[in-house]
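Note sheet for the following structure.
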Amino acid sequence: MGLNAMNLRKNNGFGLIEVLVALAIMAVGLLAVASFQSGLIGESTENKARAVALAIAQERIEQIRNYTNDAYDSDAFNALFDEPIEGESLREFTAVDFPGTNAEFTRTETIISPKDTKEIDVFVTWNDISGAEQQVVLSTEISWESPSLEGELDNEFSAPLVRSATGRAELGDGDVLDSDTVVGELGGLLGLIDRGDGDLRLSNGNEVGDDVVLTLRDACELDANGDRAFEKDPDTGVESQVECTDFVKISGRVFIDQTTQATNPTDVFVIASDAAFCQRYYFTGINPITLEELSEDVPADIDSASISDFTTEPNGSYLYYNYTCYLGGGWHGNIGLIVTAKNNSQDKVSACVGDPTSADEFADPEIAIRRVYRGMAFKYTDDTHTQKEEDDVGIVYYTVGVADALELPDPEDDTQAPHDFVISTISDSDGTVCVTDGRGEIGDKGIMTRSDSVNGTEFTGNPTSFYCLNQNVDYVDGLKLNLLDYGVDEACPFDPSDPPNQKHTISGAIKVTATFSPENTALVSSTNMNTSDGPLNCVVDTLSISHDGSKYILPYSCDVYQWTNPWSGYLQVTPNFDAFTCTSYRKRFTSIGIDTYNINFSCENKVDNGVYGNIVINGSNTSSATAITILGDTNEFGDNTCSPTISPDFSCATVNFLNTETWSGTVNVEGSKLCTKIVSDGGNVVSITEGPSGKSMIFTITNASAGNIEIELSDEQNGTPKCP
């Protein structure tokens with residue numbers, strides 16, 4: 001008897017048949033749910049086991065690629081990756097076991113030496129919950145290269161010398177389809193496509209048939225049915241589709257110096273290693289298609305532009321365009337330039353990168369046609385994350401790539417600089433030509449300091465040839481850090497694309513004369529140290545701070561890295577400037593080839609606030625002067641910052657001096673039959689004496705405030721009247 005009939009008759013119970021039928025349906029349903037749950041659990045367990053196996057294999061691949069920690073020549077390299085037995089091409093290494101939560105893992109590897117390379121396969125096996133053996137395999141190919149070999153892309157860009165990680169993007173994936181909904185990117189120059197399958201695609205246009213140039217796998221979250229996932233707002237309760245993870249975007253500008261015979265911007269291409277796509281564009285207030293005036297600038301492809309669209313104002317010192325490279329999370333590698341056509345007068349087209357306004361050497365401009373992007377991570381060896389993996393040299397570093405959806409520079413942070421290149425015809429390999437070269441109009445001292453750059457301030461903060469992702473933990477691929485139990489410091493100790501062959505330690509103490517008090521202890525403990533190689537290569541040991549009755553003693557230790565030649569550079573101490581002043585803020589070293597001890601800095605309670613500035617000595621030069629050097633006083637902030645090429649104009653500068661109202665030092669001009677004329681000396685602080693044998697001039701500067709001193713140099717050989 002049916003349930004409705006029972007209700008009509010006002011019956012309150014179920015018949016036996018109905019109960020039996022309901023129990024049967026329930027039993028079948030419970031069995032189905034149990035089977036489904038069992039499948040989910042088994043699938044989840046296998047996914048976790050596979051992820052662990054991949055992590056074990058990937059860790060070994062990273063160790064293999066970091067062979068320069070253990071091998072400094074080809075013999076050591078071959079011993080580390082021993083050749084197979086004679087007559088065989090394959091060698092199997094000893095198996096290594098790894099305990100796991102849900103399975104036991106075994107790692108093995110094989111090596112093949114077909115020619116000059118080592119082809120290594122890493123196998124990780126385990127048994128699943130059914131007892132069947134499962135396996136993952138990762139492969140790598142390595143060959144011996146000197147650790148001092150610079151990992152850069154040459155002008156021809158035939159191949160990168162540094163192998164880079166592809167990341168979570170893949171090149172291409174067909175064409176734009178009729179069924180695609182394309183969302184415009186970069187003002188419609190590119191398109192984003194979400195087909196609902198979990199992948200996000202980038203096309204080189206918005207029209208059907210345009211190429212899909214890049215695919216970001218598993219960028220969009222799917223639910224159990226394979227459909228796009230939804231999430232509920234905890235405040236409003238409204239459901240919305242989970243947004244896809246976006247591509248990584250790295251942007252900058254390419255400037256072309258116009259003081260030499262110009263290179264056409266359309267002949268300068270931007271490329272990135274591995275799976276990437278770079279778009280060139282300029283901004284226009286005119287619709288490039290309809291030619292209508294627009295309310296704001298929009299990106300336009302440079303192929304539709306004329307030279308006048310690229311010119312800088314007011315003097316046209318540069319032509320320039322913008323670029324954005326699209327990548328996938330986890331990528332690390334190079335972004336560089338290809339010049340496809342050169343004028344006959346151009347022996348070498350290269351580029352300046354770096355910050356021409358910086359007072360720190362690690363940010364100084366340098367000559368490079370590419371920029372390397374990498375993070376450097378270490379592995380924790382304990383659960384409390386207090387111990388780091390080390391070898392005989394020190395901490396073992398592993399390469400990590402960019403975080404998902406990272407944008408450099410951050411469009412929400414106007415303090416971040418674009419990642420620019422400044423192209424010119426450069427025959428010199430010294431980065432000083434970017435700042436103090438004498439070519440161009442009077443007053444334009446270098447390739448990056450032409451009139452339109454306002455003495456280089458246009459490039460303030462511009463990255464050097466190595467961009468360390470560690471500077472912000474959000475820039476680093478967190479998936480890899482978590483998966484492999486990696487950690488990162490706030491800076492990279494060196495450029496991993498150009499690894500050093502030795503590391504040395506310089507250590508000593510910062511001695512601060514001050515009475516003992518909790519306030520002074522806190523102020524002294526905030527003292528920082530850095531080297532000319534980077535901002536965080538020093539450790540100030542605040543746990544070992546002591547007081548001897550008159551002064552604090554704060555130990556420090558700095559790591560410096562030697563490439564082909566012994567290390568040269570400086571150490572700099574940065575105290576709390578509101579409280580302390582030091583007799584020396586920077587100590588310079590040459591030819592450091594061993595560990596160096598007892599290098600001390602002396603500081604004391606500050607008497608006055610002092611100033612922060614520098615002295616610039618510049619002017620015209622029509623003499624036979626061959627070198628200009630500038631030497632500082634006891635502040636040790638007078639560094640040689642003159643260009644080796646000083647004709648027809650020259651510019652020298654002290655590195656910024658701190659906490660002193662004046663600066664004293666000397667400027668030595670080497671040459672013969674030199675004539676000098678002081679054009680500008682606001683404080684009347686310059687005196688001139690003739691050097692030995694009349695072949696040099698010495699400008700002695702006494703108690704000069706920050707500012708400019710103008711001097712003319714000439715000689716009798718150029719028809720100048722006899723020197724006064």
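The values are calculated or read from the model by the stated rules, or taken from the named source; none is laboratory data. Keep in mind it's a predicted model, so treat the numbers as computed, not measured. Quick reminder, even Gly has a Cβ in these numbers, built from the backbone with ideal geometry, and neighbours come from all protein chains shown.
If the condition is being of a type in the set (Lys, Arg) and either without any contact (Cβ under 8 Å) to a residue 40 or more places away in the chain or touching a Cys at 6+ places or on another chain (Cβ under 9 Å) (or both), then the stretch 210-232 contributes 228, 232.
Considering only residues that are among the β-branched types (Val, Ile, Thr) and modelled with pLDDT of 85 or more, look in the stretch 123-138 and name the one that is surrounded by the fewest Cβ atoms within 10 Å (Cβ to Cβ).
125
Does the stretch 245-256 include one or more residues that are surrounded by fewer than 21 Cβ atoms within 10 Å (Cβ to Cβ) and of a type in the set (Asp, Glu)? Yes, that holds for at least one residue. Just one of the listed residues (218, 180) is within 24 Å of residue 329 (Cβ to Cβ), part of a loop (DSSP other than H, G, I, E, B) and at pLDDT 90 or above, and it is 180. Considering the stretch 153-177, and only residues there that are surrounded by 18 or more Cβ atoms within 10 Å (Cβ to Cβ) and part of a strand (DSSP E or B), the residue that is modelled with the lowest pLDDT turns out to be 165.
Could you say whether any residue in the stretch 433-450 is touching a Lys or Arg at 6+ places or on another chain (Cβ under 7 Å) and part of a strand (DSSP E or B)? Among the residues of the stretch 433-450, not one is touching a Lys or Arg at 6+ places or on another chain (Cβ under 7 Å) and part of a strand (DSSP E or B), which makes the answer no. Every listed requirement among (1) touching a Lys or Arg at 6+ places or on another chain (Cβ under 6 Å); (2) within 24 Å of residue 579 (Cβ to Cβ); (3) assigned to a loop (DSSP other than H, G, I, E, B) is met by residue 496 save one, (2). Could you check, for the stretch 334-342, whether at least one of its residues is among the charged types (D, E, K, R) and modelled with pLDDT of 90 or more? No, every residue in the stretch 334-342 fails to be among the charged types (D, E, K, R) and modelled with pLDDT of 90 or more.
Filtering the stretch 377-399 for residues that are among the small types (Gly, Ala, Ser) and either over 28 Å from residue 595 (Cα atoms) or in contact with a His (Cβ under 8 Å, 6 or more places away or on another chain) (or both) leaves an empty set. On the stretch given as the stretch 52-91, residues that are at pLDDT 70 or above, farther than 17 Å from residue 399 by Cα and touching a strand residue (DSSP E or B) at 6+ places or on another chain (Cβ under 8 Å) total 4. Only a single item in (1) farther than 21 Å from residue 402 by Cα; (2) assigned to a loop (DSSP other than H, G, I, E, B) is not met by residue 212, and it is number (2). Checking each residue of the stretch 584-595 against the condition of being in contact (Cβ under 8 Å) with a residue 24 or more places away in the chain and either in contact with a helix residue (DSSP H, G or I) (Cβ under 7 Å, 6 or more places away or on another chain) or on the phi > 0 side of the Ramachandran plot (or both) gives at least one match. Report yes if residue 433 is closer than 30 Å to residue 328 by Cα and β-branched (Val, Ile, Thr), otherwise no. Answer is no for this residue. When each of 695, 677 is tested for being modelled with pLDDT under 75 and of a type in the set (D, E, K, R), the lone residue that passes is 695.
Under the condition of being of a type outside the set (A, V, I, L, M, F, W, C) and over 13 Å from residue 419 (Cα atoms), the residues counted in the stretch 454-478 number 10.
The residue of the stretch 387-404 that is modelled with the highest pLDDT, among those that are in a strand (DSSP E or B) and more than 16 Å from the chain's Cα centre (by Cα), is 388. Scanning the stretch 489-507 for residues that are surrounded by 21 or more Cβ atoms within 10 Å (Cβ to Cβ) and in contact with a helix residue (DSSP H, G or I) (Cβ under 7 Å, 6 or more places away or on another chain) returns a single hit, 492.
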